Amino acid sequence: MQPSNGSPRIGIPVRLSSSEGADPRVGKANSLFQLIVELLGRAGAEAVILDSAVGDPAAVRGLDGVLLPGGGDLDPRLYGEEAGPALYDVNTAQDELDISVAKAGIAAGIPVLGICRGHQLLNVLYGGTLIQDMRPSDVAHRIAAGTEAAGTDAAGTKAVGTGPVGTEGAADVADTRAEHSRAEHSWAEHSWAWHDVDLTAGSRLAGLYGAAADGPATTVRIASGHHQAVARVGDGLVVTAVADDGTIEGLEDPQRWVVSMQWHPEAEQLPDGQRLAPIRAFVDVCRNAANRR
């Protein structure tokens, strides 16, 4: 058990896919992983990087919480479907690592928080399914590289895409293509769709954003970058956040501290205090849970 003023030890499964030469979304996920590790440290926790499967709940006995970060798409066979054409970075080793860490954390009774891919993974772990590729709606959930963006930033400012790169002549084609590729990677790494989500009053997820347990429903503006979403909700989970188009953005297990969000609270474009607040609240949950053990 951690002392009341100690640093909770929070396990986070490492990202296994290399950014080198990969889909730019892989590089984005890897950079976001580092941001989460940094925020955990700033929030007073010790981030414990887990790089091998954790099949035995005893392996997480020394941890006070688990955080499941973003990343590539889950193998659809995990929820009984064949792979569609829109999937990216399906990595069975990553699936095995994340699932084993999640299962061990739940079995150990320590708090578990899922972010983006982690949100989807928890739903699948509870027997739910995913939409493999979302249809366009009135809410922008992602921004495609190299396009004009329809989203706005956290302050409501219109986001602007890189647009197509023009050419001056045949001799410039190679350089232009390379520049366009770099621009697309930069765009994918640094751009977000921005929209509001409604958090259920009294939910643990709302609590991470400072809402009182007996307070009203809360609306937060979030950084969104996903092409998949929850389809059928897993057994035992309840929906705690939705977007205006009905997309399920948050889930939790009312019987234990297992909470997930589809968005990225760690996004650098958010105000610093807004980035840190939900991570700090999760660290406090882990600290309090440790003190009760």
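The values are calculated or read from the model by the stated rules, or taken from the named source; none is laboratory data. Computed from a predicted structure; not experimentally measured. Here the Cβ positions follow ideal geometry from the backbone for every residue, glycine too, while neighbour counts run over all protein chains shown. Just the protein is used for accessible areas: all its heavy atoms, side chains included, with ligands, DNA and RNA removed. Shrake-Rupley method; radii C 1.70, N 1.55, O 1.52, S 1.80 Å.
Would you call Ala104 of a type outside the set (Phe, Trp, Tyr), modelled with pLDDT under 95 and either part of a loop (DSSP other than H, G, I, E, B) or crowded, with 18+ Cβ neighbours inside 10 Å (or both)? Yes. Kindly evaluate Ile10 against the criterion of being at pLDDT 90 or above, of a type in the set (Val, Ile, Thr) and touching a Pro at 6+ places or on another chain (Cβ under 8 Å). No. The set of residues from segment 235-283 being acidic (Asp, Glu) and over 13 Å from the mean Cα position of the chain (by Cα) comprises Asp235, Asp244, Asp245, Glu252, Asp253, Glu268, Asp272.
Whether any residue in segment 200-219 is assigned to a strand (DSSP E or B) and crowded, with 17+ Cβ neighbours inside 10 Å is what I want to check.
First, pick out the residues of segment 200-219 that are assigned to a strand (DSSP E or B): 218-219.
Keeping just the survivors that are crowded, with 17+ Cβ neighbours inside 10 Å gives 218.
Yes, segment 200-219 has at least one match.
Within segment 74-92, residues that are polar (S, T, N, Q) reach partners that are in a loop (DSSP other than H, G, I, E, B) with beta carbons closer than 7 Å, at six or more positions or on different chains, in the pairs Asn91/Leu16; Asn91/Ser17; Asn91/Gly72; Thr92/Asp75. Within segment 107-127, which residues are under 9 Å from the mean Cα position of the chain (by Cα) and under 14 Å from Pro13 (Cβ atoms)? Hits for segment 107-127 are Gly114, Ile115, Cys116, Arg117, Gly118. Considering segment 220-272 alone, what residues qualify as being open to solvent by 60 Å² or more (accessible area, probe 1.4 Å) and touching a residue at least 60 places away in the same chain (Cβ under 8 Å)? Selection gives Arg221, Arg232, Asp235, Asp244, Arg256, Glu268, Gln269, Pro271.
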